Amino acid sequence: MRWDRAWIVARKDMAEFWRNKYIMMTIVLMPMFISLVLPVVYVVPINQLARQSTSEVNLEFDITATYSNITLTNAIMYDALFENVAIKNSILNGCIVRNSTVENSSFTESHLELSQVKDSMLFRCYMVDLTLDLGNTVRESQYAGENQELEDLKAVLFNVLLILLVMIPVMIPTVTASYSFVGEKVNRSLEPLLATPATDLELLAGKSGSIFLVSMASTWVSFLLATIVVDLLTGPVLGYYPLPNDYWIVGVLVLAPGMCAMSILTNVIISSKVNDVRVSQQIGGVLILPILMFFFFTLAGALSTDIVPMFAFSFGVLAADVVILWISLRVFNREEILVSWK
Amino acid sequence: MIETSGLGRSFDGNVAVEDLNLKVKQGEVFGLLGPNGAGKTTTMRMLACLIKQSTGTAFVNGYEINKEPDSEKIRSIVGVLPESPGLYESLSSAKNLDFYARLYGVPSGKREERIESLLRMLELWDRKDEPVATFSKGMKQKIAITRAFVHDPQVVFLDEPTAGLDPAASLTVREFLIALKKEGRTVFINSHHLDEVERLCDRIAIMNRTALAVGSPKELARRYWGRTTVFEFAELLPGYADVIRGFGFASNVRVEEGRLMVDLDDPEARNPALVDALSRAGAKIEYVTELKRSLEDVYMRLVGGEKE
């Protein structure tokens, strides 16, 4: 393997990309939209929730009754203390709730502590170590301890943004590889290239390398821009810069290159079977499906925002890359290209 | 030098080339003629190590085809012009050539000099920085030809070098090839243009899956048509044919289009006796010439007039 020959091929391909307006639009516009526009949209709910958690609430209680180990349903309660209670479909004002479960209820000027709250509304409340889900509406309230709702929201939105960013190294090769491989086939410029002393591996490395470099440069710039935008917008509100986190670092350094390689190599295989750049792009677009699956699972909360599944998914992609590389090496050789590529 | 021995190639059981035995000498311009599907391009691709042979083998300048590490060596010493120019349309002609020169490992100092010299020879230097997409079909073909020579190869395979060129461009290309022929490199041409092959090639092979005939155009014409002497008279009388028939070595004596024709094995030796006999019979001979058989006549006889 002579890397200088691969680099000559890569440089030539990059010079061609530079002169192709469709490729340049794909390399510049799509990543800009994902890295600059989407983060702005995504940080709005985070900032909103973060601002709510900074509201200062000073409450005074005049407790007149205490309840424990009961189930409270369809009730309206004032100035009461609840411990180890299950509260459903109720309205509570000026109450203290500890170690309880709450569902579909409304609280005003109350103190909630060490409880699980679901699908409820909290107005001017003081909350200590609550487990909140995203179905709650919280207004002008103050958090003490960890704001689980905010943490969950941040995790989901940042992860969804990460997955959208990972679409960049998948989408760019779909366009560039179709021009690089199918385009050369249609233009019949592969035969003179194959007549040179460069080996099959050097040619494949050069052509794939150019696409990889361009795609990953665009991807990493996009990650950087998205990180800057998110940090600039959320930093002052949260009091710290949330990105990059562990999840993003794995995404940027492992998942994105893995997906990029998968996209390029799959397009090499597709190129052996089709004669139209657009058809190649459409088939290559199918690659987006596993990412979209991941995207929707994340949205639906089916996947943990933990880093372990992210690592598992990323290394699964790298393992798939090895298999696809083996197939592409069988497809991309002189004999196959000149005899079998249709 | 190129030498093939029983070279053959099949595609899914269909024989494209079989038992091909050729010898092309160093510095020779060799033409491969044949109808479509005769296996010319397949032969060229096998010799340039682009595809593998099914049977037999071949050597190019001493290196065996499709055998590592010889294949890479062969590809580095041969230049190939495929059927289609296959240029990078968005790049300029100079960039196209520079890319290939780099890939063939032409040293940086020689690269520019070589590209300039080739582009000037084909009258394209003035447009070296324009994208190839703006060029005519003929200009693209010329660039593709220069690409095949950019690394100063010892052997060049040209598939239909003047296809799609107008007469003036064809002439430029022919002159270019003649100039390069003088440099002593081996040139292997696939072509349908019999006239062009006849003018350019030292020897040719007519093939239809295998070589049907190999030799110089003149040799082939003689081999397949014999040699015919043509007499033209001020007035052709019927008795003149009988005079010629009186010679045992004269065969197929006939009158065509007011001319007397006779097939001879050795016209240089026999013609004086025939001229003398005819003069004695009172014939006023205006011209004695040899009937020219074109390569086309040979080709049509061997290939059997297959439609192109």
Study note, to complete from the structure: Whole-percent tail of the Cα-Cα distance distribution for the stretch B:115-270, cut at 27 Å, equals 47 percent
Revision key, fill the gap. Expressed in angstrom, Rg and Dmax over the Cα atoms of the stretch A:216-260 are 11.5, 35
Study note, to complete from the structure: Across A:I87, A:I269, A:I211, the residue with the highest GNM fluctuation in chain A (Cα network, 10 Å cutoff) is A:I87
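Quick check: from the Cα gyration tensor, does the stretch B:3-140 come out rounded (a/c under 1.5), prolate or oblate? Spell out each step's value before the answer.
Details: a/c = 2.34, a/b = 1.77, b/c = 1.32.
Here the stretch B:3-140 falls in the prolate category.
Rounded if a/c is under 1.5, else prolate if a/b beats b/c, else oblate: with a ≥ b ≥ c from the C-alpha gyration tensor eigenvalues square-rooted, which is the protein assembly as shown?
The shape class here is prolate.
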Review point. Ordered by residue, what ³J(HN,Hα) values in Hz, to whole numbers, does the stretch B:20-34 give under the Karplus form 6.51 cos²θ - 1.76 cosθ + 1.60, where θ = phi - 60° and Gly and Pro are x?
Key: 8, 10, 9, 9, 10, 7, 4, x, 8, 9, 10, x, 10, 10, x
Check your understanding: In degrees between 0 and 90, to the nearest 10, how far off the longest principal axis of chain A does helix A:256-271 point, with axes built from Cα atoms?
Key -> 40 degrees
**Study point:** Candidates per chymotrypsin sites (Phe, Trp or Tyr not before Pro) in the stretch A:1-100, loop by DSSP, up to 16 other Cβ within 10 Å
**Key:** A:F61
Point to revise | Dimensions (Å) - chain A, Cα atoms, principal axes, largest first | key: 93, 34, 30
Exercise for review: Using amide H atoms built 1.01 Å from N in the peptide plane, name the residues 5+ places from B:R227, or on other chains, whose amide H lies under 5 Å from its own.
Suggested key: B:L264
Check your understanding: For the stretch B:1-99, which GluC sites (Glu not before Pro) are both in a DSSP coil and crowded by at most 16 other Cβ atoms within 10 Å?
Key -> B:E83
Check your understanding: Using Cα atoms only, what is the angle between the long axis of helix A:288-299 and the major principal axis of chain A, expressed in degrees (0 to 90) to the nearest 10?
Key -> 10 degrees
Review point. Just going by the charge dipole of the stretch B:160-293, with Lys and Arg at +1 and Asp and Glu at -1 on Cβ, which of B:G282, B:L200, B:A213 is farthest out on the positive end?
Key: B:A213
Review point. Relative contact order for chain A: what is it in percent, counting Cα pairs under 8 Å that are at least 6 residues apart?
Key: 18 percent
Exercise for review: Run down the aspartates and glutamates and flag those whose C-alpha is under 18 Å from the C-alpha of B:K23, throwing out any fewer than 8 positions away in its chain.
Suggested key: B:E3, B:E64, B:D202, B:E219
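From Cα pairs below 8 angstrom and at least 6 apart in sequence, can you work out the relative contact order of the stretch B:1-79, rounded to a whole percent? Intermediate results must be reported in sequence, preceding the final value.
Numbers: 133 pairs, mean separation 25.7, N = 79.
With pairs under 8 Å counted, the relative contact order is 33 percent.
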Point to revise | Estimated [θ] at 222 nm from DSSP helical runs (n ≥ 4, -39500 (n - 2.57)) normalised by residues in chain B, nearest 500 | key: -11000 deg cm²/dmol
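Using the Kyte-Doolittle scale, which helices in chain B average at least 0.5 and also have C-alpha atoms spread 18 Å or more along the helix axis, with helices defined as whole DSSP H runs? Kindly include the intermediate steps, with their values, before the conclusion.
On the way: long enough: B:108-121 (20 Å, -1.14); B:137-149 (19 Å, -0.27); B:167-181 (20 Å, 0.89); B:267-280 (20 Å, -0.45).
Helices passing the filter in chain B: B:167-181.
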Check your understanding: Distances over 15 Å make up what percent of all Cα-Cα pairs in the stretch A:1-88?
Key -> 79 percent
Review point. Which value, in debye to the nearest 20, describes the size of the charge dipole of chain A about its Cα centre when Lys and Arg Cβ atoms bear +1, Asp and Glu Cβ atoms bear -1, and nothing else is charged?
Key: 1960 debye
Study note, to complete from the structure: One would report the antiparallel percent of DSSP beta bridges in the protein assembly as shown, rounded to the nearest 5, as 35 percent
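Among the listed pairs B:K67/B:K140; B:K25/B:K67; B:K52/B:K292; B:K25/B:K137; B:K181/B:K292, which have their C-alpha atoms separated by more than 29 angstrom in this model?
B:K67/B:K140; B:K52/B:K292; B:K25/B:K137
Once the other residues with Cβ under 9 Å from the Cβ of A:L59 are scored (Lys, Arg +1; Asp, Glu -1), what is the net sum?
Details: positive: A:R124; negative: A:E60, A:E109.
Local charge sum for A:L59: -1.
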Exercise for review: Quick one: among A:V160, A:V274, A:V308, which has the greatest mean-square fluctuation in a GNM of chain A with alpha-carbon springs under 10 angstrom?
Suggested key: A:V308
Practice item. Starting from the Kirkwood radius over alpha-carbon pairs of the stretch A:156-272, derive D by Stokes-Einstein at 4 °C in a medium of 1.567 mPa s and give it in µm² s⁻¹. Key: 82 µm²/s
**Study point:** Cα-based helix-to-principal-axis angle, A:307-331 vs chain A, degrees rounded to 10
**Key:** 10 degrees
Check your understanding: Of A:S105, A:A144, A:V331, whose Cα points farthest to the positive end of the dipole of the protein assembly as shown (charges on the beta-carbon: +1 Lys, Arg; -1 Asp, Glu; origin at the Cα centre)?
Key -> A:V331
Practice item. Select from the stretch B:1-101 those trypsin sites (Lys or Arg not before Pro) which occupy a DSSP coil region and have at most 16 other Cβ atoms within 10 Å, ordered by residue number. Key: B:K25, B:K52, B:K67
Review point. Lys/Arg Cβ at +1, Asp/Glu Cβ at -1, dipole of the protein assembly as shown taken about the Cα centre: which of A:L36, B:N66, A:V286 is farthest positive-ward?
Key: B:N66
Point to revise | Largest-first principal axis extents of the Cα set of the stretch B:163-210 (Å) | key: 32, 27, 13
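At 222 nm, what helix-only mean residue ellipticity would chain A give, in deg cm²/dmol to the nearest 500, using -39500 (n - 2.57) for each DSSP H run of four or more?
Value at 222 nm, helices only, nearest 500: -18500 deg cm²/dmol.
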Review point. Leaving out same-chain residues fewer than 8 places away, which lysines sit with a Cα under 21 Å from that of A:K21?
Key: A:K12, A:K185, A:K207, B:K95
Practice item. Classify the stretch B:101-159 as rounded, prolate or oblate, taking a ≥ b ≥ c as the square roots of the eigenvalues of its Cα gyration tensor: rounded when a/c is under 1.5, otherwise prolate if a/b is larger than b/c and oblate if not. Key: oblate
Review point. So which residues of the stretch A:183-206 lose at least 50 Å² of accessible area, probe 1.4 Å, when you go from the chain by itself to every protein chain present?
Key: A:N187, A:R188, A:E191, A:P192, A:A195, A:T196, A:P197
Practice item. Over the protein assembly as shown, with every protein chain in place, what whole percent of the accessible area is carbon and sulfur at 1.4 Å, could you tell me? Key: 55 percent
Practice item. For chain B, state the semi-axes of the equivalent ellipsoid (square roots of 5 times the eigenvalues of the alpha-carbon gyration tensor), sorted largest first and rounded to whole angstrom. Key: 46, 24, 16
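The values are calculated or read from the model by the stated rules, or taken from the named source; none is laboratory data. Note that the structure is a prediction, hence the values are computed from the model and not measured. When we count neighbours, we look across all protein chains shown, and the Cβ atoms used for this are built from the backbone with ideal geometry, even at glycine. These area figures cover heavy atoms from the full protein model, side chains too; ligands, DNA and RNA do not enter into them. Shrake-Rupley method; radii C 1.70, N 1.55, O 1.52, S 1.80 Å.
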